[in-house]
1. So what's the gap between the Cα centers of segment 216-246 and segment 172-187, to the nearest angstrom?
2. Name the shape class, rounded, prolate or oblate, that the alpha-carbon gyration tensor gives for segment 101-171, where a ≥ b ≥ c are the square roots of its eigenvalues, rounded holds for a/c under 1.5, and otherwise prolate holds if a/b is larger than b/c and oblate otherwise.
3. So for segment 1-86, averaging the separation of alpha carbon pairs under 8 Å that are six or more residues apart and normalising by length, what relative contact order in percent results?
4. Can you give the calculated 222 nm mean residue ellipticity of the chain, where each DSSP H run of n ≥ 4 adds -39,500 (n - 2.57) and the sum is split over every residue, rounded to the nearest 500 deg cm²/dmol?
5. What percent does the relative contact order of segment 101-171 come to when contacts are Cα pairs within less than 8 Å and at least six residues apart?
6. Tell me the label-point distance for the pair residue 55, residue 252, using the 7 Å Cα-to-Cβ offset, in nm and rounded to one decimal.
7. Would you please give the residues with an amide H less than 5 Å from that of residue 22, counting only those at least 5 places away or on a separate chain, with H modeled from the backbone geometry?
8. Using 7 Å Cα-to-Cβ label points, what is the residue 176/residue 245 separation (nm, one decimal)?
Amino acid sequence: MRMKEDAMKNGQLKPGYNVQVGNENTFAIGYDIFADAADMRTLPVHIDNVQKRLEHTFEMVIADAGYGSEENYEYLERNGSVALVKYGSYHQQRKKSFKKKLFNSENWDYDSEQKAYTCPAGNRVPYVKTVTKETKNGYTHTIDIYQCHSCEGCPLREKCSKAKEGRTVQRNEKWLAQKKQVNERLDDDENKKIMKRRSVECETVFGQIKGNQHFRRFYLRSTEKVTVEIALLLLGYNIKNLMRKEQEKKAA
């Protein structure tokens, strides 16, 4: 995996483990070790494992944008969990500057009845076919392809597309509907407060272990041994957290 600590600044790969930790009310309630650098692909397995251990289904799952994907949103819906999970371009798409990007197809007029976009030059970009793509987890995306047939001689072509066959646009109806739902949820005032708490509760665990306890490398090797190592660390973290809360009660 590529680590944050990159002394040679060349993106070198190093052996490592992806640690996923679930939190509730500042306590670590579950953990899993993955040999996969992408957080996005770990969420369904991690949630399933923690729910089985606790014999409990989560009413709501809060996570950062690294976990936002069509696959994960669909998984959480099947799980019966409300997803408070941003997607990768969430903040970017809400900026005024994003709306001014004329050649981003998400800002083009779309006719759902005719199944066609209208490009900045006023040309029609019609639907041509539907394709499916499969993720590493075996999840299948359904994507509609649209292509402009009026790019030849268009004065905006150089700014719009360098493809020989002209501008092509991909549209995923399910993904667009999911992003709309995420935006509506995250605009809710109560959910905004929950998201603010997420950063404090989740990042505190790693901040305490990596920052305050200076534990930045595993001493053991193999997933089985590293799992025991992180379990002991989180057990210690929870005990310390419990003692802190008890002291705060006495002080109050």
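1. Taking the Cα centre of each part, segment 216-246 and segment 172-187 sit 36 Å apart.
2. Values: a/c = 2.16, a/b = 1.73, b/c = 1.25.
Prolate, because a/c is 1.5 or more and a/b exceeds b/c.
3. On the way: 106 pairs, mean separation 17.6, N = 86.
Across segment 1-86, relative contact order equals 20 percent.
4. Working: 8 runs with 95 residues, N = 252.
-11500 deg cm²/dmol, from helical runs alone.
5. Details: 106 pairs, mean separation 16.9, N = 71.
24 percent.
6. Here the modelled spin labels are 3.1 nm apart.
7. Counting only residues 5 or more places away or on other chains, the set is 29, 30, 31.
8. It works out to 4.5 nm between the two label points.
Throughout, read-outs are computed from the coordinates displayed, never taken from laboratory work. This is a predicted model, so every value here is computed, not measured. With ideal geometry, Cβ positions are generated from the backbone for all residues, glycine too; neighbour counts draw on all protein chains shown.
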